[in-house]
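Below: one structure, written as structure tokens.
The values are calculated or read from the model by the stated rules, or taken from the named source; none is laboratory data. Please read all numbers here as calculations on a predicted model, not as lab measurements. With ideal geometry, Cβ positions are generated from the backbone for all residues, glycine too; neighbour counts draw on all protein chains shown.
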Amino acid sequence: MDRVVLLLACVAPAVRCYSSGQVTGSCDDMLPRHSGNSPQTNPAPFTVTADRSSYRDGEEITVLLQAPSSTPFTGFLLQAREVGGSPLGSFSLTGGAAQLLTCNQKPNSVVSHTSESAKTSIQVTWRAAASEDAKPIQFHASFVQDFRTFWVEVKSPSLMFSNESGSISSPTTPTVTAMATPPSPPAQTISSAGCGITKVCFSRPLNCDPAVNADCHFMSAWMSSLSNAAVQFEMTGPSRGYISFGFSDDQMMGNDDIYICGLDSNGLVQLQRAFSTGRWAPQTLPLGNVSDVTASVQDGMISCSFTSMNPISTQRTTGFSKPYHLMFAYGPTNNGQISLHTGTFISDDKVDISRPQLVGKASRPHIIKAHGALMLIAWMTTATVGMMVARFLKSVAKGQSYLGKDVWFLVHVVVMSVTVAATIIAFILSFSYVKAWSGGAHPVLGCLVMILSFLQPIVALLRCGPHHALRFLFNWSHALNAVAVKALAVAAIFTGLKLIDSTEDQWLMKVMGGFVAWEALFYILLEVHFRWKHKDNSESKTEKIDLMLLALFILGNLMFLAALLVGIGMS
């Protein structure tokens, strides 16, 4: 036992040393001193990028270490080196979770972690040292995921040295980054200048200028003049956490190539690349071949500009000169992780970003608006009236008939037939437009509503006579199925409105909540009155109250319905 305690006492300082980032012994080979373990040979999921593709003596460069949210790193080591040479320059910190070390008697020449906490991004600043014979440089990093899993010599694209006359030195061996474009304009100078002439612009409000209008959400893109394989992008807009734009084959979210500009856990702005596979959080990807990154946040305006040589890809379509729908979304972040967007707009038509133009934002396609309007009318008005008449108002027209049928029954049949017909039409409209299964829970709920709605009149036509011994089975099953369809339809409407409600305060959802509460209130009032009049056997004296309650309900119902229809029309 004493030997075990002694062994732990000897090992503990070493363990604390590594977790605290004091790894000066790794300055030369950048290898973590994890005894018996070798670095990974597969490509690292982490990236090292700089905010520009060239540098001058004494110039400061922002360097970003980044990991996908699903694969954070716990430790890292970062230094700048001449291509094929030794470390140079010095670092300064812009946030926590990092510390400066002295390597090879050069103060602040290396950055490392301060603890073994999980990290998805680290941002630091590097300053070039004065040199008469400066060469291209690269940033080198080692990343530790856990004790057995680590990568070394993860490199950034090369940065060329630019002297005062503006010429750029080249490495002995040409690289792709030697063709990198000049730095993009600083994020704070993003404007609508050149829109439709030299670049593609997409904004809300339409054709707004972010340099003038603080409420402008804006993105632009133009092909680099130096390479047909590079595109310069800008995006800016007011947001509490992030802004983003993406490329899609359709106007529905899913299979979209996305760039996100948002606040990390330290309140710093970082650029991320992602791919969405549905209506949930997109999967973060390595930033890839991106350079000239400039990012800022000021007075609630988040901005990013960058140059990308990553080919646009939605899996079905790949390439810069192919047409895509443009999507723009923004919303809050939580500890550096993006949350559900609170605002979004999509281009009406597909856009080829290699052709400068002004892009119009999309309203919801009319066919989708018609789908929503029909479902809303069917299940929040006609179905409700039909159910109320069958349950509470049989006595109002008691003894009155038309074509041999009670009036209440005819009213019930007519409004419920309208409900089923509207449901079938809405179902056909949505699937004829989308032509695919997308939207999460909404299409599932819609299909269940369609199936049960279709079964309801069929079962009613096959019912047994009113005096049959098994008639009660039909009565209960018919009523329970109606309640089930109603509940599913309300849920489907809520999920559908959530898909199109891009307002900050979720206005449509709140109105729908009020609509449901109004309906529930009158169900309760009518049920209480129904039981009271049957208890006192005074049906004939209370018909006016029934009609008054129904009229009041329909008045309020139409007001809520009109508000929601206007909201759908404006979405």
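Identify the residue in segment 37-54 that is surrounded by 20 or more Cβ atoms within 10 Å (Cβ to Cβ) and modelled with pLDDT under 80 and, among all such residues, is nearest to PHE76 (Cα to Cα). Here the residue is ASP51.
For segment 321-338, the candidate set comprises residues that are assigned to a strand (DSSP E or B) and not aliphatic (A, V, I, L, M); within that set, the residue that is farthest from the chain's Cα centre (by Cα) is TYR324. Evaluate the following for ILE353: is it more than 26 Å from PHE431 (Cβ to Cβ) and either β-branched (Val, Ile, Thr) or over 15 Å from the mean Cα position of the chain (by Cα) (or both)? It is true that ILE353 is more than 26 Å from PHE431 (Cβ to Cβ) and either β-branched (Val, Ile, Thr) or over 15 Å from the mean Cα position of the chain (by Cα) (or both). Annotation: of all residues in segment 362-374 being of a type outside the set (A, V, I, L, M) and surrounded by fewer than 18 Cβ atoms within 10 Å (Cβ to Cβ), the one that is modelled with the highest pLDDT is HIS366. Residues that are crowded, with 19+ Cβ neighbours inside 10 Å and under 14 Å from ARG56 (Cα atoms) were ranked within segment 117-131; the one that is modelled with the lowest pLDDT is ALA128.
Residues are listed down the side, and each one gets a yes or a no for (1) of a type in the set (Val, Ile, Thr); (2) within 28 Å of LYS498 (Cβ to Cβ); (3) at pLDDT 90 or above:
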residue: THR198; (1), (2), (3): yes, no, no
residue: VAL212; (1), (2), (3): yes, no, no
residue: ALA221; (1), (2), (3): no, no, yes
residue: ASN228; (1), (2), (3): no, no, no
residue: GLY241; (1), (2), (3): no, yes, yes
residue: MET253; (1), (2), (3): no, yes, no
residue: TYR259; (1), (2), (3): no, yes, yes
residue: ARG279; (1), (2), (3): no, yes, no
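As a summary of the residue check, TRP518 satisfies the conditions (1) buried (at least 18 other Cβ atoms within 10 Å of the Cβ); (2) modelled with pLDDT of 85 or more except for the one numbered (1). Scanning segment 532-552 for residues that are aromatic (Phe, Trp, Tyr) and at pLDDT 90 or above yields nothing.
For SER305, the conditions (1) in a strand (DSSP E or B); (2) under 17 Å from the mean Cα position of the chain (by Cα) are fulfilled apart from (2). Quick check on my filter: what residues within segment 262-321 are among the basic types (Lys, Arg) and touching a Gly at 6+ places or on another chain (Cβ under 8 Å)? Matches in segment 262-321: ARG273, ARG279. Pairs meeting the criteria (first residue in segment 529-549 and under 13 Å from ARG391 (Cα atoms) and part of a helix (DSSP H, G or I), second residue among the basic types (Lys, Arg) and at pLDDT 75 or above, beta carbons under 9 Å, at least 6 apart or on different chains) are PHE530/ARG391. Is it the case that SER303 is exposed (fewer than 14 other Cβ atoms within 10 Å of the Cβ), closer than 25 Å to GLN357 by Cβ and either free of Cβ contacts under 8 Å to residues at least 12 places away in the same chain or assigned by TED's automatic domain parsing to the domain that holds TYR259 (or both)? Against the criterion (exposed (fewer than 14 other Cβ atoms within 10 Å of the Cβ), closer than 25 Å to GLN357 by Cβ and either free of Cβ contacts under 8 Å to residues at least 12 places away in the same chain or assigned by TED's automatic domain parsing to the domain that holds TYR259 (or both)), SER303 does not qualify.
Per the listing THR333, THR294, THR236, the residue uniquely at pLDDT 95 or above and under 27 Å from THR125 (Cβ atoms) is THR236.
Pull up segment 132-177, narrow it to residues that are modelled with pLDDT of 85 or more and of a type in the set (Ser, Thr, Tyr), then point me to the one that is farthest from SER224 (Cα to Cα). It comes out as THR149. For segment 499-519, a residue qualifies if it is part of a helix (DSSP H, G or I) and touching a residue at least 12 places away in the same chain (Cβ under 8 Å), and the qualifying residues are LEU499, ILE500, TRP507, LEU508, MET509, VAL511, MET512, GLY514, PHE515, VAL516, TRP518, GLU519.
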